[in-house]
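Throughout, read-outs are computed from the coordinates displayed, never taken from laboratory work. A quick note: this is a predicted structure, and the numbers were derived from the prediction, not measured. Note: ideal-geometry Cβ built from the backbone for every residue, glycine included; neighbour counts use all protein chains shown.
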Amino acid sequence: MSENGKMVGILSEEDHARKVILKGKKAKKIRVRDIMTSEVIYTTPKQKLDKCLSLMVKNRFHHLPVLENDRLIGLLSIEDIKKNT
């Protein structure tokens, strides 16, 4: 999620499962802001892919935002890394 061009959060399947499904809530009535992770782990375009993969494995997620000058410029997936290694 972004506000004024700056990334302020990210919503994962795990966020949805833990904060909606497991609590028996209705997804239609939930706002992204209420369940997103606001401390976003990210990378930059200059980072090496092996470091990105380590970060993703360590934190158990499949997508890593790519930021430049505090702006989202891409989203790196584990599949992207597999294709390029």
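Brief remarks on what is shown
- Scattering curve values for the chain, log₁₀ I(q)/I(0), Debye with Cα scatterers, q = 0.14, 0.15, 0.18, 0.23 Å⁻¹: -0.54, -0.61, -0.83, -1.12
- Theoretical FRET efficiency, 1/(1+(r/R0)^6), r = Cβ-Cβ of Ile81 and Lys46, R0 22 Å, to 0.05: 0.90
- Distance-filtered residues of region 31-52 - backbone nitrogen under 12 Å, label point 7 angstrom along Val8 Cα→Cβ: 32-34, 38
- Degrees between helix 49-59 axis and first principal axis of the chain (Cα, 0 to 90, nearest 10): 30 degrees
- Estimated 222 nm signal from helices in the chain, with DSSP H stretches of n ≥ 4 weighted -39500 (n - 2.57), rounded to 500: -7000 deg cm²/dmol
- Choice from Leu67, Leu49, Leu22 with maximal GNM fluctuation in the chain (Cα, 10 Å cutoff): Leu22
- Whichever lysines have a C-alpha closer than 25 Å to that of Lys46, once near sequence neighbours (fewer than 8 apart) are set aside: Lys6, Lys58, Lys82, Lys83
- Using C-alpha pairs under 8 Å with a sequence gap of at least 6, the mean separation divided by the residue count of the chain gives a relative contact order of 26 percent.
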